[in-house]
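Colleague: Below is one structure. I have some questions about it.
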Amino acid sequence: MTEQPLLDIRNLYLDIKTFDGTSHVLNGVNLTLRRGAVMGLVGETGCGKTLTGLSVSRLVATPPGNYPRGEIWFDGQDVMNMSEAQMRKLRGRRIAMIFQDPATNLNPVFKISEQMIDVALHIVAETGDTSLLGKSTSAGGQRQAARQRSIELLEHVGIADAARRIDGYPHEFSGGMRQRVLIAMALLGQPQLLIADEPTTALDVSVQAQILRLFNGLVKEFNLSVLLITHNLGVVAQLCDEVAVMYAGNIVESGAARRVFKTPSHPYTQGLLRSIPTPQTKRGELEGVPGNIPNLIHPPGGCRFAPRCPKAMPVCDTTFPAMTALEPDHQLACYLYTKETGTQTNADKRR
């Protein structure tokens, strides 16, 4: 019997009203995350990665957002049909999120201790689960227990002298240390799912490597499932078991990270990988994906990558292709491959 996935997003659509019109930002997203797995969600800026992550915790304001259809199942529960009170018990406790820029996601006027303790006490208040803080039940006892738990997690993520540093302000921490604080804060609720939105983008290369090693250790130690949102394919190759490639609101290719990187099949995935410089790349030889992401207020009618695709066909302009399994652990949505056999057809001609 196949194990139930921890996260299963089914045919999810999201529209957002803007001053210029309604933007159709998610266009039938299908994504499955196994328990204990790390999945990288990759794609260009503006392709819908962050909004997909925010949708899992229902953090997209409605309005201006609207979900015309689709389902999000977390641990067997339909998130889209939950009340706001039910979602508050889920957020932080079972689903945690690390946002992109630690400098803007920590309040500069409050000490780290105040922010972490407030998060811990909020989780306890919403869920009634005092086991996160130990056996103390009085208000004073809970606050002290929350402080002690925060210190333990700060030490766990590599902040030296955490008992003293916890009373510092965010500006007294480096970018890498602030990111570690956010990771520790996300772990306060002992979540099952951790959504990390560009956790290394604001950091220099050496600190990025430290944070990636930290993530790798925490995933194994806390038995976390992680959805890593990034445009850095190198990060995905180092950290992720699986990868989903997103373009303009659609998952166009997904599967085991090693297989997708070894045999990229969708023209967009191939273009992304060609745009990564190597030590052998000479000046002027670096390729990019031509064109830009389409205006999602008036998106293309079929495959949204068709206007930029060198192998597009007339059918690509009218209908979005169904997912085709090339291998049990490798799927893509492209008319270059037949649904029955997963083999390339003679239809990969330029228009």
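Colleague: For every other residue with a beta carbon closer than 11 angstrom to the beta carbon of LEU41, add +1 if it is Lys or Arg and -1 if Asp or Glu, then tell me the sum.
Modeller: Overall, the nearby charge balance is -2.
Colleague: Still on this model: Just to verify a number: FRET efficiency for PHE19 and ARG69, C-beta to C-beta distance, R0 = 35 Å, to 0.05? Kindly include the intermediate steps, with their values, before the conclusion.
Modeller: Numbers: r = 25 Å, r/R0 = 0.71.
Efficiency computed from Cβ-Cβ geometry: 0.90.
Colleague: Take every Cα pair under 8 Å in the chain that's 6+ residues apart, average their separations, divide by the length, and report that relative contact order as a whole percent.
Modeller: 20 percent
Colleague: Give me the number: length gained by fully extending ARG274 to LYS220, i.e. 0.36 nm times residue separation minus the C-alpha to C-alpha distance, one decimal in nm. Numbers along the way, then the final one.
Modeller: On the way: separation 54, 0.36 × 54 = 19.44 nm, distance 3.19 nm.
Separation in residues times 0.36 nm, less the Cα-Cα distance, equals 16.3 nm.
Colleague: Sticking with this one: Once you wrap a convex hull around the alpha carbon atoms of the chain, what is its projected area averaged over all directions, in nm²?
Modeller: On the way: hull surface 81.7 nm².
Averaging across all directions leaves 20.4 nm² for the Cα convex hull.
Colleague: List the DSSP H helices in the chain whose Cα atoms stretch 20 Å or more along the helix axis and whose mean Kyte-Doolittle hydropathy is at least 0.5. The partial results should precede the final answer.
Modeller: On the way: long enough: 112-127 (23 Å, 0.78); 139-156 (25 Å, -1.02); 205-222 (25 Å, 0.68).
Qualifying helices, which must be both long enough and hydrophobic enough, are 112-127, 205-222.
Colleague: Also, quick follow-up: How high is the relative contact order of region 105-190, given as a whole-number percent (alpha carbon pairs under 8 Å, six or more residues apart)? Could the numbers behind the result be given before it?
Modeller: On the way: 88 pairs, mean separation 35.9, N = 86.
Here the relative contact order equals 42 percent.
Colleague: Counting only other residues whose beta carbon sits under 12 Å from that of ARG91, what net charge do I get with K and R as +1, D and E as -1?
Modeller: On the way: positive: ARG58, ARG88, LYS89, ARG93, ARG94; negative: GLU84, GLU126.
Once all neighbours under 12 Å are counted, the net charge is +3.
Colleague: Something else: In terms of the Cα gyration tensor, with a ≥ b ≥ c the square roots of its eigenvalues, is region 57-186 rounded because a/c is under 1.5, prolate because a/b exceeds b/c, or oblate? Let's see the in-between values first.
Modeller: Values: a/c = 2.41, a/b = 1.47, b/c = 1.64.
Since a/c reaches 1.5 but b/c is at least a/b, the shape of region 57-186 is classed as oblate.
Here, each number is a calculation from the coordinates, and none is a lab measurement. The shown structure was predicted, so the numbers you read here are calculated from the model rather than taken from an experiment. Cβ sites come from the backbone with ideal geometry, for glycine too, and all protein chains shown count toward neighbours.
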